[in-house]
1. So which residues in the range 241-274 are at pLDDT 90 or above and crowded, with 17+ Cβ neighbours inside 10 Å?
2. Which one is surrounded by the fewest Cβ atoms within 10 Å (Cβ to Cβ) among residues in the range 330-342 that are hydrophobic (A, V, I, L, M, F, W, C) and within 25 Å of the chain's Cα centre (by Cα)?
3. Those residues that are modelled with pLDDT under 90 and either surrounded by 13 or more Cβ atoms within 10 Å (Cβ to Cβ) or assigned to a strand (DSSP E or B) (or both), I need them from the range 369-379; list them, please.
4. Can you name the residue in the range 380-403 that is polar (S, T, N, Q) and surrounded by 15 or more Cβ atoms within 10 Å (Cβ to Cβ) and, of all such residues, is nearest to the chain's Cα centre (by Cα)?
5. Within the range 335-382, how many residues are farther than 22 Å from Leu449 by Cβ and either of a type in the set (A, V, I, L, M, F, W, C) or assigned by TED's automatic domain parsing to the domain that holds Glu240 (or both)?
6. Name the one entry in Glu327, Glu314, Glu292 that is within 20 Å of Phe194 (Cα to Cα) and surrounded by fewer than 17 Cβ atoms within 10 Å (Cβ to Cβ).
7. Identify all residues within the range 18-52 that are surrounded by fewer than 20 Cβ atoms within 10 Å (Cβ to Cβ), part of a helix (DSSP H, G or I) and of a type in the set (A, V, I, L, M, F, W, C); write none if there are none.
8. Examine the range 462-472 for a residue that is crowded, with 19+ Cβ neighbours inside 10 Å and under 30 Å from Glu397 (Cα atoms), and state whether such a residue exists.
Amino acid sequence: MKKKSGRTSMRKIQEVCRLRLKMGLGINQIAGACNISTSTASAYVNKIEELLLSYEEISSLDEDAVHKLLFPEAAEMPVSDKATPDFEYLSKELKRKGVTLQLLYEEYRRDHPEGYSRSQFYEKYRNYAKKLDPVMRFNHKAGQKMFEDFSGDRPHYTDPLTGEKVETELFVSALGASSYIFACAVDDQKVENFIKSNIRAFEYYGGCPEYLVPDNLKSGVKSACYYDPEINRTFADMAEHYDVAVLPARVARPKDKAKVENAVLQSQRRILAVLRNRTFFSLHELNEGIREELDKLNRRPMAVTGKSRQELFEEIEKPALRPLPEERFEIYNYKTPTKLNIDYHVEVEKSYYSVPYTLIEAIIEVKYNSRVVEIYHKKKRIASHIRSYKKGEFITEDRHMPHEHRQYLEWTPERIKNWGGKIGPDTAMLIQRIMEERKHPEQGFRSCLGIIRLSKQYTPERVENACKRALAVAAHNYRSVKSILQSGLDKVAYLEEQRDSKPIDHPNIRGGEYYREACND
């Protein structure tokens, strides 16, 4: 297997580890969840299983250590001949009660100790089964899958102040074996509300399934890979917190999502249609009405089985669900991974938070919520700050600063000031003022560099004039200089310059003395 580099590749490998070692998924399921080919998934699984490590042991390692374990610089091992399984026999045996593919694999390895590995055995049989019966029929196991989607028909409530109709979105989920339905109204389909809906569904069911099957909603799955950057990171965190795997429905494969489409249809007919003539004055009231009709729908007998969804859920599905974690998932937002600026601060919603200065130019990741900002490097948390809502504020920990080692850094306050001095003395003075007004000079680096870089967009002469005007009005920041340049104020003469200019001496100009004498007459 060719060694892959980069953060994305490592996230995929980490997720393959989790899905294989912790959840026991097969090759095809891993390939679908991670958006990779079955051959690639098989190669990853073989490498992982050769390590003979648990998921907990692998997840405790950093990315570099995992890379060294999975991709050692060793010669390729020779491939030995392996006995081909009797697929026709396997197909017949699987129809017998209690016979599983795992049991058949154990019998195969008993007869052929040097045969295929379990993952290869499973993959080869499934390839054979697809050719035998191209139409995949789902026989959902209890506690295995939760299908989810939003309804096209949207409920609404009335704003008590304006009387206007406020439309909402209806989230619907259904468990695979019992068809037990959950539904709730949310303000929109954005990530936060989508995740909250999943959490409410888990709590309504009183447990978690093994897999989530969303319909490739942009709020949850931008692509089918669990830890690929195209998937929403917050949704990925939620799935890991509740120890579930994400298996998105395939595009243009309606059978993958038939269960939830039927649940959405039932919710529209048995919930929304029933509530159409009722008036609600808040989202909370609307959800109370939805819950009443939802309970009735789940208690309603189904024509095929003669039992209600509630009965089937209690009998077969509820005991098979995994227990909820002790703590409810806390939603975080993520920033795109980026290099750490030379001022060793990261920006989050116009506020700035310090990071150890030794990581300048390193790739860091930031996640945050309403309370805290957490900063990571190679999966390790390197800084945590209380969230600030004051724009432009710098939150700096002393231990993150270089202190006496500052002279060894490439970027120093003196160097930046000298760089600005090449534009002009007023630019150097403004840069000095910016750093003097900060608690730590490094907090002004970002603004100073912005001013210096304006000389690439405008001429150095114009930047120097703009800095001179900014100093005159005590506007010691990058935004003021940029605004002066954009509006052309750097080209306008100063009032001080106009006052200091010499008066014009000409015989045709009478002057002030003439008018004072005229007034006295």
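The values are calculated or read from the model by the stated rules, or taken from the named source; none is laboratory data. Every value quoted in this text rests on a predicted model; they were computed, and no experiment measured them. So basically every Cβ, Gly included, is an ideal-geometry build from the backbone, and we count neighbours across all protein chains shown.
1. Matches in the range 241-274: Tyr242, Val244, Ala263, Val264, Gln266, Ser267, Gln268, Arg270, Ile271, Leu272.
2. Of the residues in the range 330-342, the ones hydrophobic (A, V, I, L, M, F, W, C) are 331, 340, 342.
Add one more test, that the residue is within 25 Å of the chain's Cα centre (by Cα), and what stays is 331, 340.
Values: Ile331: 17, Leu340: 21.
Among those that are hydrophobic (A, V, I, L, M, F, W, C) and within 25 Å of the chain's Cα centre (by Cα), it is Ile331.
3. Correct list: Asn369, Lys378, Lys379.
4. Ser388
5. We begin by selecting, within the range 335-382, every residue farther than 22 Å from Leu449 by Cβ; these are 365, 367-374, 376-382.
From what's left, either of a type in the set (A, V, I, L, M, F, W, C) or assigned by TED's automatic domain parsing to the domain that holds Glu240 (or both): 372-373, 382.
Result for the range 335-382: 3.
6. Glu327
7. Correct list: Ala43, Leu51.
8. The answer is no, given that none of the residues of the range 462-472 is crowded, with 19+ Cβ neighbours inside 10 Å and under 30 Å from Glu397 (Cα atoms).
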